[in-house]
1. What is the dipole size for the chain, taken about its Cα centre, with +1 at each Lys and Arg Cβ and -1 at each Asp and Glu Cβ, in debye to the nearest 20?
2. Please list, or write none, the aspartates and glutamates whose alpha carbon is within less than 20 Å of the alpha carbon of K77, excluding same-chain residues fewer than 8 places away.
3. Step through the residues of region 229-245 one at a time and calculate ³J(HN,Hα) from phi using the Karplus curve (6.51 cos²θ - 1.76 cosθ + 1.60, θ = phi - 60°), rounding each to whole Hz and writing x for Gly and Pro.
4. Where the centroid of each part is defined by its Cα atoms, how far is region 245-292 from region 44-63 in Å?
5. Amide H to amide H under 5 Å from V225: which residues, 5+ apart in sequence or cross-chain, H placed 1.01 Å off N in plane?
6. Quick one: M114, M164, fewest Cβ neighbours within 10 Å first, how do they rank?
7. Just the C-alpha atoms of the chain: what Rg/Rh do they give, with Rh taken as the Kirkwood radius?
8. GNM, the chain, Cα, under 10 Å: largest mean-square fluctuation among D103, D54, D141?
Amino acid sequence: MKYIVAIILVLFFGKSFSQNLETSIENILRDKKAQVGVSIFHLESGEKINHHGDKFYAMQSVFKYPIALVVLDKMQKENIPLNHTLLVTKADLLENTWSPLRDKYPNGNSAVTMDELLSVMVSRSDNNACDILLRWIGGPDVAEQYFENLGIENLKIVADEETMGSDWNIQYLNYSSPNDMNNLLQKSFTQPLLANDYQSFLWKIMKETSTGLNRIKGLLPKNTVVYHKTGTSAVTSYGLAGALNDVGIIELPNKKHLAISIFVNNSLENEETNDKIIAEISKAAFDYFLTK
C-alpha cells in the first residue's frame, strides 16, 4: 500500500512541477504581442514540454543549422575532408546582405575551405556562405529530402537567403514547428547522424555562435555550454518583426542536456523584449530540469 501511495505521489508531483514550468512560460508570454512557439526536450529522461509546439514558424537563419547538417552528411558520404576548398567568385558575394565572408574576400576568386564556409555560415550567420553551400548540396529540394528521410516532416526549406531578402513574405516559406526542430536537434546530438570528425565539428561551430547572445544564453550561468543557432528578420516600418528565434542544446551542470527551440514570430515588441522572452523561457527550463 505504501508503495502504491509513493507512486501516486511521484506521478502527482511530477505532473505538478511540469505544469509549473508550463505556467511559467504562459506568465512570460502574458500580454506579449507576438506569436511564440516553444519546445523543450530533456534528452536523458525523455520528458518533453511545449507551447504551441506543433505550429509552424518562420525560421529565418535558424535554417543554417539544418543546412550545415545536410552539407556535412554529403561530405561524409563522399569522403570530402573539412579542408576541401570551393572556389568563391565575386558573383557569389552579394552586396546588401550580412556577409563577413564578403568582407574578408571582397574581390572573390578565392579558394575557401569547407570548414571556413560552414563556420562563418553557422557561427556568424553569413548569408552568402549559406547560399554557396545550399547550391553545393543541390538546392532546397535535396535538403527537404534529407529531413523527410529522417522522419522530420514539418521542416521546410524552399528559398535561399537571396530569395528571402527579395520579398518579406518569402521568409514564411522556410518554416519549422518547434517540436520538429527539437526532433532534429535530438537526432543529430544523440544518435549521432555524422561520423566523429564531422559530428564534433558541427557542435563546435554551434557552440561558437556569436549572434543572439541575449537569447537562450542570456540569463543562464556564465559558463553554461550552449550549442545554438539564431534567426532574425528585418523589422517593418511599423515595428513588426517577422522572426526572432533561437534553437539549440543546453548542457546542464550535471552534464545532462536540453534541446530547446523558441520561435518568436510576427512580434510587435521591441528587440530587447523579444530577446528577453527567449532568455526567460530558457532560464525557466534550465531551473526546472536542473535536478532531473
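Just so it is clear, none of the values below were taken in a lab; they were calculated from the coordinates. Computed from a prediction, not measured in an experiment: that's the story for all the values here. Every residue, glycine among them, receives a Cβ derived from its backbone with ideal geometry; neighbour counts consider all protein chains shown.
1. Once rounded to the nearest 20, the dipole reads 960 debye.
2. Correct list for K77: D115, E116, D141, E144, E148, D197.
3. Calculated HN-Hα couplings, in order: 9, 9, x, 9, 8, 6, 10, 6, 4, 9, x, 8, 9, x, 7, 8, 10 Hz.
4. 11
5. The answer is E251.
6. Starting with the residue having the fewest Cβ neighbours, the order is M114, M164.
7. Here the Rg-to-Rh quotient is 1.00.
8. Among D103, D54, D141, the largest GNM mean-square fluctuation belongs to D103.
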